[in-house]
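The values are calculated or read from the model by the stated rules, or taken from the named source; none is laboratory data. Since the model is a prediction, treat every value here as computed from it, not as a measurement. In case anyone asks, the SASA skips ligands and DNA or RNA and just uses the protein heavy atoms, side chains included. Shrake-Rupley method; radii C 1.70, N 1.55, O 1.52, S 1.80 Å.
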Amino acid sequence: MKIKQIKLYIVELPCTDPTGGYTYGGGTFFKQDTVIAEVVCDNGLVGWGEHTTIGGTYVASCWKTT
């Protein structure tokens, strides 16, 4: 199995509280960018990964819960 293709998608994630935003690193923002990676292998297997600028600890105010 070998990697055949890697696709990167930039996605804008809005905060769930648009009135207050989120304060982080000395500023306030109301949305953040994240990168979604799709890895396609020559045998048809597909994997997905994600990176966000906030890091590994997701903040509740920026994620919609179901």
Inset, instruction - Determine if the stretch 46-62 includes at least one residue that is modelled with pLDDT of 70 or more, open to solvent by 40 Å² or more (accessible area, probe 1.4 Å) and not in a strand (DSSP E or B). - result: no
Inset, instruction - Have a look at 12, 38 and point out the one that is at pLDDT 80 or above, open to solvent by 100 Å² or more (accessible area, probe 1.4 Å) and not hydrophobic (A, V, I, L, M, F, W, C). - result: 12
